[in-house]
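Down below is the structure, laid out as structure tokens.
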Amino acid sequence: MGAVRDPEATKARIFAAATAEFAAYGIAGARIDRIAREARANKQLIYAYYGNKAELFSQVLEKRLMELAVAIPVDAEDPDGWIDRLMDYHAAHPELVRLVFWEGLEYGTGGIPHEEERRRHYARKAAAFEEAQAKGVISAGIPAPDLLFLLIALASWSTVQPQMRRVLVGETDDDMARLRQSVRTAARRLTGTDAPAA
């Protein structure tokens, strides 16, 4: 009697292997045969499921972005807490930021696969900031989409540039705590939630 096929378990293994492969090598450098070997899956099955390498990359990245959205819902009314949670998530899952940067290197300013879905995803996050601005909880000095973009950059840059973080900031626990506080301070200033000077 042969082994029972479990398509969902196979897809999960493919996604895990593809995440590691794409995070390490990007779209151009990734190899489907390495993904198949690591996932213990047939290479032709990967093509049957996803069509091509670019589509597999796109689906992996979208899944990882949705996992982030579920794990760390945007909280425009608590920028400190949200930034902390976002920094912790990126530190624990550096592959997500790497995937996003590989996507940027691959597509540049051109369109990305499933771009409309991505726009809707981030429009919902920006809407939370617009609502907080309308309620007067945070400053409306920076348009909500721009504010979201800047806050994401603040929270993720330490993961994107670990070598520059080490060179500029240092690498001790005290250095990391100081940097976190600096990021929180910058976020508060951008959102207008910093306390006025006494």
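Structure summary
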{"item": "Some residue of the stretch 188-195 being open to solvent by 70 Å² or more (accessible area, probe 1.4 Å), under 30 Å from Phe15 (Cα atoms) and at pLDDT below 95", "result": "no"}
{"item": "Residue selected from the stretch 124-143 under the condition charged (D, E, K, R) and open to solvent by 60 Å² or more (accessible area, probe 1.4 Å), by the criterion nearest to Leu190 (Cα to Cα)", "result": "Glu130"}
{"item": "Filter result (open to solvent by 40 Å² or more (accessible area, probe 1.4 Å), closer than 23 Å to Thr191 by Cβ and touching a residue at least 24 places away in the same chain (Cβ under 8 Å)) within the stretch 98-123", "result": "Val100, Tyr122"}
{"item": "Helices (runs of 4 or more DSSP H) enclosed by the stretch 35-148 - at least 2 residues per element that are touching a helix residue (DSSP H, G or I) at 6+ places or on another chain (Cβ under 7 Å), within 23 Å of Lys11 (Cα to Cα) and basic (Lys, Arg)", "result": "53-71"}
{"item": "Every pair of residues 6+ apart whose Cβ atoms lie under 6 Å, when the first sits in the stretch 169-187 and is in contact (Cβ under 8 Å) with a residue 60 or more places away in the chain while the second is in a helix (DSSP H, G or I) and of a type outside the set (A, V, I, L, M, F, W, C)", "result": "Arg184/Asp80; Ala187/Pro79"}
{"item": "Tally, over the stretch 149-166, of residues that are open to solvent by 40 Å² or more (accessible area, probe 1.4 Å) and either β-branched (Val, Ile, Thr) or in a helix (DSSP H, G or I) (or both)", "result": "11"}
{"item": "One residue from Glu117, Glu171 being among the acidic types (Asp, Glu) and closer than 25 Å to Met66 by Cα", "result": "Glu117"}
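Here is a yes/no grid of residues against (1) surrounded by fewer than 19 Cβ atoms within 10 Å (Cβ to Cβ); (2) under 24 Å from the mean Cα position of the chain (by Cα); (3) not hydrophobic (A, V, I, L, M, F, W, C):
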| residue | (1), (2), (3) |
| --- | --- |
| Ala28 | yes, yes, no |
| Arg31 | yes, yes, yes |
| Ile35 | no, yes, no |
| Arg40 | yes, no, yes |
| Tyr50 | no, yes, yes |
| Glu55 | yes, yes, yes |
| Ser58 | no, yes, yes |
| Leu61 | no, yes, no |
| Leu68 | yes, yes, no |
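The values are calculated or read from the model by the stated rules, or taken from the named source; none is laboratory data. Bear in mind that the values here come from a model prediction, so they are computed numbers and not experimental data. Ideal geometry is used to build each Cβ from the backbone, glycine not excepted, and the neighbour counts take in all protein chains shown. Just the protein is used for accessible areas: all its heavy atoms, side chains included, with ligands, DNA and RNA removed. Shrake-Rupley method; radii C 1.70, N 1.55, O 1.52, S 1.80 Å.
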